[in-house]
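Report on the structure given below.
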Amino acid sequence: MSDLFFYGTLRYLLLLQRVLGRPLSEITFHAAKLCDHAVHAVQGQDFPMILPAKGAAAEGLLVQGLSSDDLARLAYYEGSFDYDLKSLNVILEDGGEAQAQVFFPTPGAWQPGELWSLQGWADKLGEVTALAAEEEMAYFGKVDPKTMARSVRAIQTRAWAKIMAKQRRTGDPRNIAEDVIVHRHERVYVDYFGMEEIDLQHRQHDGSMGPVLHRGGLMQGSAVSVLPYDPIRDTVLLVEQFRPPVFLIDDPEPWLWEAVAGMIDPGETPEQTAHREAMEEAGVRFDRLEYAGGAYSSSGSSTGFMYLYVGLGNLTQTTITGGLDTEGEDIRSRILPFDEFIDMTDRHLFKDLQLVSLAYWLARHRDRLRA
């Protein structure tokens with residue numbers, strides 16, 4: 001059995017429960033602090049690091065009696081992070097002392113930022129991180145940690161999409177708690193994308209429960225597609241990039257002209273994503289956004305939900321070096337007069353559904369936007 005002192009995100013009890021895979025009633029934990037240390041945010045990351053700091057005290061959680069299985073689950077969750085374990089004395093709330101192991105980052109691995117706040121992190125990312133951990137830990141013992149490590153960000157994006165989906169109501173009076181019966185739900189594949197299978201029944205239109213259906217779904221996060229439009233010059237900006245799935249289906253033209261698009265990061269609003277992606281892919285800033293609707297992009301096979309916008313701004317420059325190198329993006333942009341753009345749409349020269357949808361939305365609302 002081992003005792004560990006957690007100073008970071010695993011102090012969030014729902015996350016700790018998900019990672020260890022057992023209820024809190026079976027976990028022995030106490031509030032504690034590590035003297036002469038401070039917890040800092042890591043620059044560019046969502047997790048903290050601990051550093052020596054004379055006179056400071058790092059607040060944390062002492063978790064006692066961890067089994068070898070608990071330690072294996074913790075090591076799996078931490079993935080590719082490079083830590084050293086040190087045995088130190090921590091101070092309990094009653095003033096007593098206890099020895100515990102503490103994870104310290106390898107020197108020089110990360111750059112510390114400002115002091116880290118558990119409450120600030122939990123308010124922004126606690127729920128989504130705990131939900132993502134549920135999917136991550138479902139693959140414990142099935143998927144190697146390196147594969148899981150490169151999928152973590154996509155899993156967090158999917159978790160954020162689930163939280164957003166729960167708010168997506170249109171007034172349908174049916175209740176899934178009464179009208180859907182789940183017999184089996186299994187996560188079967190993860191490597192950036194995820195695949196899940198389910199056996200279920202749902203209430204049919206005649207009021208009866210239908211047969212048991214076996215179905216699978218490609219698990220994706222939510223995304224934004226935004227068409228840059230200059231109402232003064234009456235021009236649009238498109239971006240072009242290579243799309244591997246289009247190549248995989250044997251389409252001889254896998255370079256697609258599209259609207260600017262990207263996944264919604266955990267904690268982001270769709271509007272924030274639209275502004276961020278426009279800068280990353282095309283160097284474009286918007287004066288304002290016009291919401292053009294949102295919908296599931298392929299509801300029979302995928303969880304992907306797309307928020308559509310037209311972004312209004314000055315379009316004067318294009319680029320051949322857009323996108324992020326870290327995501328393997330190679331993006332160029334092109335500015336077209338509106339009439340030429342709509343003519344190309346009507347001649348079916350575009351293969352991206354979001355771009356086609358935005359083209360016809362813009363055609364309908366163009367006069368209003370130019371007024």
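The values are calculated or read from the model by the stated rules, or taken from the named source; none is laboratory data. It should be emphasised that the depicted structure is a prediction, and the values quoted were computed from it without experimental measurement. Positions of Cβ are backbone-derived with ideal geometry, glycine not excepted, and every protein chain shown enters the neighbour counts. Surface accessibility is based on the protein's heavy atoms, side chains included, excluding ligands, DNA and RNA. Shrake-Rupley method; radii C 1.70, N 1.55, O 1.52, S 1.80 Å.
A few notes on this one:
- Residue match in the range 22-29 (condition: open to solvent by 10 Å² or more (accessible area, probe 1.4 Å) and touching a residue at least 40 places away in the same chain (Cβ under 8 Å)): no
- Looking only at residues of the range 244-275 that are among the charged types (D, E, K, R), open to solvent by less than 60 Å² (accessible area, probe 1.4 Å) and closer than 16 Å to MET306 by Cα, we find that the one that is nearest to the chain's Cα centre (by Cα) is ASP265.
- Residue match in the range 81-100 (condition: at pLDDT 90 or above, among the polar types (S, T, N, Q) and either surrounded by 15 or more Cβ atoms within 10 Å (Cβ to Cβ) or closer than 22 Å to SER151 by Cα (or both)): no
- For TYR139: the one exception among (1) of a type in the set (Ser, Thr, Tyr); (2) open to solvent by less than 50 Å² (accessible area, probe 1.4 Å); (3) closer than 30 Å to ALA38 by Cβ: (3)
- In the set (1) farther than 25 Å from ARG368 by Cα; (2) of a type in the set (A, V, I, L, M, F, W, C); (3) surrounded by fewer than 17 Cβ atoms within 10 Å (Cβ to Cβ), ALA295 fails one condition alone, (1).
- Residues of the range 252-265 satisfying the condition of being outside any strand (DSSP E or B) and more than 13 Å from PHE350 (Cα to Cα): PRO252, ILE264, ASP265
Residue by residue, here is whether (1) more than 19 Å from the chain's Cα centre (by Cα); (2) among the acidic types (Asp, Glu); (3) in a loop (DSSP other than H, G, I, E, B) holds:
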residue: TRP160; (1), (2), (3): no, no, no
residue: ILE163; (1), (2), (3): no, no, no
residue: PRO173; (1), (2), (3): yes, no, yes
residue: HIS202; (1), (2), (3): yes, no, no
residue: ARG215; (1), (2), (3): yes, no, no
residue: ALA223; (1), (2), (3): no, no, no
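- Scanning the range 186-200 for residues that are closer than 30 Å to GLY293 by Cβ and in a strand (DSSP E or B) yields PHE193, GLY194, MET195, GLU196, ILE198, LEU200.
- Test: residue in the range 155-163 that is more than 18 Å from LEU20 (Cβ to Cβ), among the aromatic types (Phe, Trp, Tyr) and open to solvent by less than 70 Å² (accessible area, probe 1.4 Å): yes
- Failed criterion for GLY207 (all others in (1) free of Cβ contacts under 8 Å to residues at least 60 places away in the same chain; (2) more than 25 Å from the chain's Cα centre (by Cα); (3) not in a loop (DSSP other than H, G, I, E, B) hold): (3)
- Put simply, of ASP325, ASP339, ASP287 the only residue that is under 27 Å from the mean Cα position of the chain (by Cα), among the acidic types (Asp, Glu), modelled with pLDDT of 95 or more and surrounded by fewer than 18 Cβ atoms within 10 Å (Cβ to Cβ) is ASP287.
- Screening GLY113 with (1) modelled with pLDDT of 95 or more; (2) in a strand (DSSP E or B) gives one miss only, at (1).
- Evaluation of ARG215 against the conditions (1) touching a helix residue (DSSP H, G or I) at 6+ places or on another chain (Cβ under 6 Å); (2) free of Cβ contacts under 8 Å to residues at least 24 places away in the same chain shows that the sole unmet condition is (1).
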